[in-house]
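Colleague: There's a structure below that I have some questions on.
The numbers here are math on the coordinates, done by the rules we state, and not lab data. These figures come from a predicted structure and were not determined experimentally. Here the Cβ is made from the backbone with ideal geometry for all residues, glycine too, and neighbour counts use every protein chain on show.
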Amino acid sequence: MTKILVIEDESVVRENLLELLSAEDFETLGAPNGRKGVDLALSEVPDLILCDMMMPELDGYAVLARLRSEPITATTPFIFLTAKASKSDFRQGMNLGADDYLTKPFTRAELLSAILSRLSKQATMTKYLANKPEVKTFLPGIQVIEAQLRGALQEGNLEEFKVNYQPIVNINSGKIIAAESLLRWQSPELGLVSPAELIPLAESTGLIVPIGEWVLQRVCQETKTWHKSGFTKVNIAVNLSSRQFYQPDLYEQIDKILVANDLAAHHLELEITETMIMQNVNSAIATMKQLRSLGVQITIDDFGTGYSSLIYLKQLPINTFKIDRYFIHSVNEDSEKAAITSALIQMALNLNLQVVAKGVETEAELDFLRQHNCDAMQGFLFSHPVTGVEFERLLLTKQSLPM
Ligand SMILES: [Mg+2]
């Protein structure tokens, strides 16, 4: 089992991280300050360390410097958690030997992606240095998953993949206007593999390309059947991964799938993240313009958590942005979140963009969004992600938000 040490002085953040990592089957250790963190790292020798940069007494830099000077922890993958994204902090951390950074607040997917990518790099390095076949067992979990995934794709066992749908509801009318499609992998050997584990792995191995194409095809086909049943206005959102987004033939692929399923392009919404855009802004804008020329819609997902500058937002050919669940959680009680969320909604209004709030779980959160004229919501308050059949039933029974 892969062991992860979390060094973080804010107990709420620490406990959340530990809970999330245990749910992903990592063995976890927590330390409330730098000194305890160093002790635990030396006695328990974790496979990876997540460490807050700003802590009283021994801060993240001091912890990292200490651990890099001990042979037993000299090469342990080390990811800084930081509340600010300043270049000088990054440089100082890199010079000391940090492997990566996560700027708070980060999403679950970003966290797992950073961890998996570091662990697999470490495994490759360990294998290379040791040059012995037995070190392949360094990370059995991830390697087993990868082998199974390759197997499933090679044998064409795509029925192991399932697409679930989470309804997106107009806050004014209370009606379902769209759904976000979410990929699940039900492996006969491994059971249900969560998207948080699957997507970063599929992305890092390139397997995301055939899987992503299958998802697009599947989702367009299912949406067309709902349209044929009379729900002709329902749109469908598909999350694109970075590798898919930068594929040179993405435009042709999507065009082909839309034509094959006789689905009007404006019913398809492609969700991309700020981080993906910022990888190469000019190329991203060109791709987005090309996709828009097809007629498909573009949404920025998890808005507010990436690094994008508001200056770019004006230039981006997008239709919608989704406010990350971090800002929505307890937005009615947290004055800072309330200020940011209402500003984001106002900005969307001024820029003539649609705005969707993610992770709406309570009536009070919904009331806040309603009062501030947010267009649409998605979250457990209305519905969890459901199967295609269940989604169609929600449409048939005209499920709507209580007004
Ligand atoms: Mg999404």
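Colleague: Within the range 1-57, list the GluC sites (Glu not before Pro) lying in a DSSP loop whose Cβ has at most 13 other Cβ atoms in a 10 Å radius.
Modeller: Counting only loop positions with at most 13 other Cβ atoms within 10 Å, the GluC sites (Glu not before Pro) in the range 1-57 are GLU57.
Colleague: Oh, and also: What is the set of long-range amide H partners of ALA237 at a cut-off below 5 Å, with H atoms built 1.01 Å from backbone N?
Modeller: ALA179, GLU180, SER181, GLU269
Colleague: I've got another one for you. Rg over Rh of the range 319-403, using C-alpha atoms and the Kirkwood radius, what does it come to? Please report the intermediate quantities before stating the final value.
Modeller: Working: Rg = 13.5 Å, Rh = 13.4 Å.
The Rg/Rh ratio comes out at 1.00.
Colleague: In nm, to one decimal, how far is the LEU190 label point from the ASN319 one, both placed 7 Å along Cα→Cβ?
Modeller: Output for this residue pair reads 3.3 nm.
Colleague: DSSP loop (so not H, G, I, E, B), at most 11 other Cβ within 10 Å: list which trypsin sites (Lys or Arg not before Pro) in the range 30-90 pass both filters.
Modeller: Sites meeting the loop and neighbour criteria: LYS84.
Colleague: While we're here: Hey, what did the chain get for relative contact order, percent, Cα under 8 Å, at least 6 apart? Before the final figure, lay out each step's value.
Modeller: Numbers: 643 pairs, mean separation 47.3, N = 403.
Once normalised by length, the contact order is 12 percent.
Colleague: Mind checking which of GLN253, GLN354, GLN315 has the largest fluctuation in a GNM of the chain, springs on alpha carbons under 10 Å?
Modeller: Answer for the Gaussian network model of the chain: GLN315.
Colleague: Semi-axes of the equivalent ellipsoid of the range 3-136: what are they in whole Å, largest first, if each equals the square root of 5 times a C-alpha gyration tensor eigenvalue?
Modeller: With the √(5λ) rule applied to the range 3-136, the semi-axes are 22, 17, 15 Å.
Colleague: Rounded to whole Å, give me the distance from the Cα center of the range 381-403 to that of the range 166-220.
Modeller: Each part's Cα centre sits 17 Å from the other's.
Colleague: Among ASN170, ASN235, ASN16, whose mean-square fluctuation peaks in a Gaussian network model of the chain (Cα, cutoff 10 Å)?
Modeller: Maximum among the listed residues: ASN16.
Colleague: Using a/c under 1.5 as the rounded threshold, could you call the range 176-332 rounded, prolate or oblate? The axes a ≥ b ≥ c are square roots of the C-alpha gyration tensor eigenvalues, and prolate needs a/b larger than b/c, oblate otherwise.
Modeller: Note, shape of the range 176-332 comes out rounded.
Colleague: Only counting other Cβ atoms within 10 Å, I'd like LEU310, LEU258 sorted with the fewest neighbours first.
Modeller: So the residues, fewest neighbours to most, are LEU310, LEU258.
Colleague: Still on this model: P(r) of the chain in 10 Å steps, Cα pairs, percent per bin?
Modeller: Calculated over all Cα pairs of the chain, the distribution is 4, 21, 29, 27, 15, 4, 0 percent.
Colleague: Measuring from label point to label point, each 7 Å out along Cα→Cβ, what is the ASP39 to ASP25 span in nm?
Modeller: Modelled inter-label distance: 3.3 nm.
Colleague: Taking 0.36 nm per residue of separation and subtracting the Cα-Cα distance, what length does fully extending GLU155 through GLN290 add?
Modeller: Fully extending the segment from GLU155 to GLN290 adds 45.2 nm.
Colleague: Assign unit charges at the C-beta atoms only (+1 for Lys and Arg, -1 for Asp and Glu), then state the dipole size of the range 3-136 relative to its Cα centre in Debye, rounded to the nearest 20.
Modeller: So the dipole magnitude of the range 3-136 works out to roughly 580 debye.
Colleague: Next up: With unit charges on the beta carbons (Lys and Arg positive, Asp and Glu negative) and the dipole taken about the Cα centre of the chain, which residue among PHE161, PHE321, LEU67 sits farthest to the positive side?
Modeller: The listed residue farthest towards the positive side: PHE321.
Colleague: Continuing with the same structure: Which of the helices in the chain, when you take each full DSSP H run, stretch at least 30 Å along the axis at their Cα atoms and have an average Kyte-Doolittle score of -1.0 or higher?
Modeller: Counting only whole DSSP H runs, the qualifying helices are 108-130.
Colleague: Shifting gears a bit: Give me the distance in nm between label points sitting 7 Å out from Cα along the Cα-to-Cβ direction at MET54 and VAL281, one decimal.
Modeller: If labels sit at MET54 and VAL281, their model points lie 2.5 nm apart.
Colleague: Let me ask something else. For PHE78, what is the net charge nearby, where nearby means another residue's Cβ is under 13 Å from its Cβ and Lys, Arg count +1, Asp, Glu -1?
Modeller: -1
Colleague: Please list, by residue number, every one of the trypsin sites (Lys or Arg not before Pro) in the range 202-244 that is coil in DSSP and has at most 12 other beta-carbon atoms within 10 Å. Please list the in-between numbers first.
Modeller: Values: sites: ARG218, LYS224, LYS228, LYS233, ARG243; in loops: LYS233.
Answer by residue number: LYS233.
Colleague: Over the chain, with a Gaussian network built from C-alpha contacts below 10 Å, which listed residue (ALA196, ALA83, ALA237) shows the highest mean-square fluctuation?
Modeller: ALA83
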